[in-house]
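Everything below concerns the one structure shown next.
Quick note: the coordinates plus some simple rules give every number you see, no bench work behind them. All values derive from a computational prediction rather than experimental measurement. Glycine also receives a Cβ, built like all others from the backbone with ideal geometry; neighbour counts cover every protein chain displayed.
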């Protein structure tokens, strides 16, 4: 492949496949996805996909999927017009308990607490600022809560 300045650039076939997997997760986060299915779509073994994905993006495909689901859940909860159960199923989780546990691990609040806090947070901030500040933590490290 020709680069911008005429240099030949070789693309790592694994990296191309990993980008496709990541894009698929971003698009289909609400669908039932598992590592084996993602690996089949990338023509890799599940173990190779997991190792390569973690090396490229710093987390496993499953962790990346859960982060996407929690980010979307946070946006839905901020709206305030849907229940936690509706949000759980809308983002592709099949168990309210597992969803709530994972949400608390990544955000530091239960989904209900997050929704209540979102009601009292400043509404004048641009959504891009809110999204960046409220991004879920990865690897189970919820940020410390700030006093209201």
(request) Quick one: order 64, 57 by neighbouring beta-carbon count within 10 Å, fewest to most. (result) 57, 64
(request) Pull out the extension gain between residue 28 and residue 112, defined as 0.36 nm times the separation in residues minus the alpha carbon to alpha carbon distance; nm, one decimal. (result) 27.7 nm
(message) Taking the number of other C-beta atoms within 10 Å as the exposure measure, put 43, 89 in order starting with the fewest.
(response) 43, 89
(request) Arrange 94, 45, 63 by Cβ neighbour counts within 10 Å, fewest through most, would you? (result) 94, 45, 63
(message) Which of rounded, prolate or oblate describes the stretch 1-118 when judged by the alpha-carbon gyration tensor and an a/c cut-off of 1.5?
(response) prolate
(request) Over the stretch 13-133, calculate the relative contact order: mean separation of alpha carbon pairs under 8 Å at least 6 apart, over the residue count, as a percent. (result) 21 percent
